[in-house]
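In what follows, a structure is listed as structure tokens, so that the remarks can point back to it.
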There are 6 protein chains.
Amino acid sequence: MGIHKFFMSMNDLERIIRCPGRFKFEEHNVAAHSWKVSQYAMFFATIEENNGIIINWKSLYEKTINHDFAEIFIGDIKTPVKHASPELKQMLTHVEEKMMEKFILNEIPKEFQPVFFERMKEGKDATVEGRLLELADKLDQVYEAFAELQRGNTDAEFLKMYETALRKILQIQLPKSVSYFKEVMLQDIMAEESVIDVKSITLKILVE
Amino acid sequence: MGIHKFFMSMNDLERIIRCPGRFKFEEHNVAAHSWKVSQYAMFFATIEENNGIIINWKSLYEKTINHDFAEIFIGDIKTPVKHASPELKQMLTHVEEKMMEKFILNEIPKEFQPVFFERMKEGKDATVEGRLLELADKLDQVYEAFAELQRGNTDAEFLKMYETALRKILQIQLPKSVSYFKEVMLQDIMAEESVIDVKSITLKILVE
Amino acid sequence: MGIHKFFMSMNDLERIIRCPGRFKFEEHNVAAHSWKVSQYAMFFATIEENNGIIINWKSLYEKTINHDFAEIFIGDIKTPVKHASPELKQMLTHVEEKMMEKFILNEIPKEFQPVFFERMKEGKDATVEGRLLELADKLDQVYEAFAELQRGNTDAEFLKMYETALRKILQIQLPKSVSYFKEVMLQDIMAEESVIDVKSITLKILVE
Amino acid sequence: MGIHKFFMSMNDLERIIRCPGRFKFEEHNVAAHSWKVSQYAMFFATIEENNGIIINWKSLYEKTINHDFAEIFIGDIKTPVKHASPELKQMLTHVEEKMMEKFILNEIPKEFQPVFFERMKEGKDATVEGRLLELADKLDQVYEAFAELQRGNTDAEFLKMYETALRKILQIQLPKSVSYFKEVMLQDIMAEESVIDVKSITLKILVE
Amino acid sequence: MGIHKFFMSMNDLERIIRCPGRFKFEEHNVAAHSWKVSQYAMFFATIEENNGIIINWKSLYEKTINHDFAEIFIGDIKTPVKHASPELKQMLTHVEEKMMEKFILNEIPKEFQPVFFERMKEGKDATVEGRLLELADKLDQVYEAFAELQRGNTDAEFLKMYETALRKILQIQLPKSVSYFKEVMLQDIMAEESVIDVKSITLKILVE
Amino acid sequence: MGIHKFFMSMNDLERIIRCPGRFKFEEHNVAAHSWKVSQYAMFFATIEENNGIIINWKSLYEKTINHDFAEIFIGDIKTPVKHASPELKQMLTHVEEKMMEKFILNEIPKEFQPVFFERMKEGKDATVEGRLLELADKLDQVYEAFAELQRGNTDAEFLKMYETALRKILQIQLPKSVSYFKEVMLQDIMAEESVIDVKSITLKILVE
């Protein structure tokens, strides 16, 4: 039906709740998450740029706002499920790609199909923008999990989410950004009052 | 961890919303859906029993309350997605089965594992109880879609859901139940006031 | 109007929230509660059957899924209110029975009225299925209250609900089930992390 | 425990939803309803005062803000249920009164008990303030039902609520207020755009 | 359009959430808040009357139920924002007054305009009723903030709201009411179980 | 406190609901809105680029994701309020700017302050990116209002919002984008089934 249908489908992502099935004090939808990721990425791209790295802003813009679009097809399948086995993860990724392909061929006018195929492909590649996306996406997991722990959510899922995302961030190949996160922001996170002791959890991971 | 963990995980199904991502005037969770299915099935089993069919009530009880348990792993992936291609559907079914197997082996005490493997397998088989489950599950789609159409939901998804579920019910091999549904209940459905004209849609399918 | 109206009224139970008027971190509706009760009961019936007790599965199925149906008439009046005085409790029970009688006579087709009168009567009798229903119903109170305490709900109502339901379970005449609950499941409950100290509360009741 | 406990219990009324169990596009809690009733009553009292009637403002204030306080005990039991039979209605009223009595004796300090017994008793008496309360309470039913009909809610309950409340208002012994309602406000209500044809329904009642 | 439009606009206040933008375990709308304020004010007016003060009940009734009506125009702008600078506060107050003036001139029939101008003006003046309104309004901030702290909300906003409102109450020129609040009610508040230590916070302010 | 505090404040925008105080079938928060605006803008920028216009993608990225950030201070004050008088609008804009200035000076580290002052200033300037932002922002009003009209929301606000936003779009100085919107997308919008007759409303505006 065209771009109108594409724009209408964006509304669907406002109804897809992250971490479906788990108890949480506050829900987040995929649309709002995408916006937060685009904000985090812009900040760290600024740090990188200030340190002499050349940023392709168009690419970063495209990657961040589109990185979860495929969730309109199969929803936000929990990270633990995705990673239950490498084989299962691969199968789910394949399903998403097939659905996206079908969507673009059926709904997007021919003249825009190449642009959409480019924009909707997996964004977490080895480019600096791909690494910034990975950092921003994991950072939102840190913040979502942190907020639950801070308010006393004892579900082990959020503890695991916090720890896993934190570990992944610390290994991303963006030395200046990771260093700023670790030396400045993480200090502020640990200084916050929290029902569950996030400071100890964080320190344990930092000394690893 | 055992049965306690299994019981706690049931709570997750109260947080899995059916038809995620679509606009709806009223949301339904998978736990409540399972209860409604167990009610519909009991009613139609009574009709069948009154007509001389022998019902295995234990089996019907097991099939109805467990038929969507696997959704704690990958959520309620929309029917249209499931059926996008037979290949995709098969892949998703396979993922669910693998997750369920893993869950039973990890969480259920050894002594209860055979019982759980039996109860958690696909229930929609060729037995009379399997067919009653199919009827009850489709009937809930009819009711969910009907309620949305009645209140003026113009999303094409619910129209399609109503039509598809209705067509499937009419073909189920339970002549007495289907006849009761068609000749008594469907008349009452068509007699209801409705913002979208459900009567015409229904009549069109009946004459096919 | 018939069975269609009965099926539509089931939807009402999805909108009746348990413990109305109290603050809770997570709400539960009566439909989802009924499903969880039917799950708990099936598990403990399996334990009893494994120990040589004969289970009438049809009866257990009927009792569990219908046990709160009368709440479509007067809602989930809080347990403390019900028990404020034996006289008040009796009056409320009487109101519910009268409403149910009226509903069956007005809405259910004549041919099905005897079945409905049988299914909708109070299920918590002295049969093994009646006791399993009582156990399952109280167990859901334990789980609902536990989840609130675990997340730091200081409302005295949930503490009382937890204690009262626990005490009642320990006195139900189903030795094998109660023993499994006490010796296995309760240990897992006490091992969970919790904002409010559920372990001490539980131990205090166990030594009584 | 005293006035603190009384003030805390007011919060409960924010969680009691009117018309529990029915589908509605918009929910209303008993606290907000009480505020709207106190607003309607003040307006019509002004009309009466302008026409020479003496208003006891303290009494009107007390009656309107307290008229549904007893719902903290048994919730908002639907009007149709209340009126299913005069006997049932009487029983429920009796239950509420007993609970209120118990609450005042247990929670309110002795020095304030007489004031609370006076304020919490049934307010819809034959005084002008009692009649203003009745008018205001029914007017909120008119507005709640109207809003649902206007948005296309086909549940017969709201049609009945609109019609019943409207008929009752037209018979209240407050000629100036009822006349203003009928000749000015009802014209504005009928002039509103509405998915369900409220104008015809209203005109039918007016000609009775 | 007249009084009908005014009554319809009251519904808007049920959708205006207090403290927008902050995380809270429980939301409160402005309509329900207004009702609670009218309840608190009635109680303290009773205390004052018992101590020989003459209460203008009509004025108190008008002041309490109308004090936040202007929020239908610009919503509940957070207290910290309002007070960011005296200049900003003054500007926002001016905006509200202009909107209210416009509303009355456009929507309220001429005959009722003087009454509405009187009722909708700022109520917190130096009269005893103005001081009772101020006390009641601040008390609701105390209760809202207390409930969040009690459940473990670590947002600094609620701590500040609790402290600020408490300090203001203690300085209001209603010696009997403030003394009752301080010597009776505040003791009960401090005796409550709470995830965040409200007792210490309160004691610190009392010794100031 | 630094960037951590800035990132935490983004969460606030997930709790600011657009069009506060109006009844709507579906709510939208400011974070999700910002994401949709960044998507619309990217699409129309592509159209412009395809027609030879040079796009500053970094600027477009910055403008779209930040354009409503100031709403964390005073919320989403309804468009009609904003435009009640040019004087009021100017005052509110001034308040927002003052709050933003204060926030940057207090919370953002000195080294990043120039970047934040640049990014947080009003984005709807005369540049092509400023015009794309204006188009995208108005388009989201069109979609939000359209969805309400389609589902039968009779609130005059949404009709006015649809009409006003549509008229503004048609006058934006981006001939290629506006032409695509008008000749392709608007046809698809008018072809949709809708409870309220959006087609006629749209045609009336097109012929103006």
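The values are calculated or read from the model by the stated rules, or taken from the named source; none is laboratory data. On a predicted model such as this, the values are computed, not experimentally measured, just so you know. As a convention, Cβ positions derive from the backbone with ideal geometry for all residues, glycine included, and neighbour counts pool all protein chains shown. Keep in mind that these areas ignore ligands, DNA and RNA; they rest on the heavy atoms of the full protein, side chains included. Shrake-Rupley method; radii C 1.70, N 1.55, O 1.52, S 1.80 Å.
Quick look at the values:
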quantity: So C:Leu105, is it in contact with a helix residue (DSSP H, G or I) (Cβ under 9 Å, 6 or more places away or on another chain), farther than 21 Å from C:Lys63 by Cβ and free of Cβ contacts under 8 Å to residues at least 40 places away in the same chain; calculated: yes
quantity: Matching residues, segment A:3-55, being over 19 Å from the mean Cα position of the chain (by Cα), facing chain F (nearest Cβ under 10 Å) and closer than 18 Å to F:Asp140 by Cβ; calculated: A:Ile3, A:His4, A:Lys5, A:Phe6, A:Phe7, A:Met8
quantity: Residue satisfying condition, being over 15 Å from C:Asp137 (Cβ atoms) and open to solvent by less than 40 Å² (accessible area, probe 1.4 Å), within set C:Ile65, C:Ile72; calculated: C:Ile72
quantity: Selection from segment F:151-193 of residues that are farther than 28 Å from D:Ile196 by Cβ, touching an Asp or Glu at 6+ places or on another chain (Cβ under 8 Å) and either in contact (Cβ under 8 Å) with a residue 40 or more places away in the chain or part of a loop (DSSP other than H, G, I, E, B) (or both); calculated: F:Arg167, F:Ile172, F:Leu174, F:Lys176, F:Ser177
quantity: Condition check for A:Ile104: assigned to a loop (DSSP other than H, G, I, E, B) and under 25 Å from A:Ala31 (Cβ atoms); calculated: no
quantity: Check on B:Phe112, closer than 30 Å to B:Ile3 by Cβ and either away from chain C (no Cβ under 14 Å) or part of a helix (DSSP H, G or I) (or both); calculated: yes
quantity: Residues (among the aromatic types (Phe, Trp, Tyr) and either outside any helix (DSSP H, G or I) or open to solvent by less than 10 Å² (accessible area, probe 1.4 Å) (or both)) located in segment E:117-150; calculated: E:Phe146
quantity: Any hit, segment F:29-43, residues being at positive phi and open to solvent by less than 20 Å² (accessible area, probe 1.4 Å); calculated: no
quantity: Segment E:56-65, residues that are more than 8 Å from chain D (Cβ to nearest Cβ) and not small (Gly, Ala, Ser); calculated: E:Asn56, E:Lys63, E:Thr64
quantity: Single match in D:Phe158, D:Phe146 (criterion: touching a Phe, Trp or Tyr at 6+ places or on another chain (Cβ under 7 Å) and among the aromatic types (Phe, Trp, Tyr)); calculated: D:Phe146
quantity: Which numbered condition D:Ile172 misses (of (1) away from chain E (no Cβ under 14 Å); (2) at pLDDT below 95); calculated: (2)
quantity: Qualifying residue in segment A:151-167 (condition: over 30 Å from C:Phe25 (Cα atoms), away from chain F (no Cβ under 12 Å) and open to solvent by 70 Å² or more (accessible area, probe 1.4 Å)); calculated: yes
quantity: Considering residues of segment D:176-208 that are among the polar types (S, T, N, Q) and open to solvent by less than 50 Å² (accessible area, probe 1.4 Å) only, the residue nearest to D:Ala45 (Cα to Cα); calculated: D:Ser177
